[in-house]
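Heads up, the thing below is written out as structure tokens.
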Amino acid sequence: MKIVSDNIFIKSKGNALTSEDFAAFISENGVKEFYVAGADAVACVKSTCYNMAKNGYKVHVLSNCITSYDKRKIPEMLNYYERNGCSIETLG
């Protein structure tokens, strides 16, 4: 992996906004829009997207950059994200 920034944040809960360092960074830098990818569409991605949208951030879920232990749930999750204020996009 090529590291291109020193801005690396660790989270210990599903919602990325629970990382105090991450939340402080986005607040201090005026970040208002996110493109979300992740390995657990029904847990971490779900919680992060829901909470970001609820807090007024513009959230784009990259549908071809998420997965789940049960891939059959991905279409259901994409609908969930969209119903909760996120846009669904593809990378590529």
| note | the chain: helices (runs of 4 or more DSSP H) wholly inside it with 2 or more residues that are free of Cβ contacts under 8 Å to residues at least 12 places away in the same chain, among the aliphatic types (A, V, I, L, M) and open to solvent by less than 50 Å² (accessible area, probe 1.4 Å) are 20-28
| query | Restricting the search to the range 9-36, which residues are among the charged types (D, E, K, R) and under 12 Å from residue 52 (Cβ atoms)? | reply | 32, 33
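The values are calculated or read from the model by the stated rules, or taken from the named source; none is laboratory data. As the structure is a computational prediction, the values presented were derived from the model and not from experiment. Neighbour counts run over all protein chains shown; Cβ positions are idealised from the backbone, glycine included. For the accessible areas, the whole protein counts, side chains as well, though only heavy atoms, and no ligand, DNA or RNA atoms are used. Shrake-Rupley method; radii C 1.70, N 1.55, O 1.52, S 1.80 Å.
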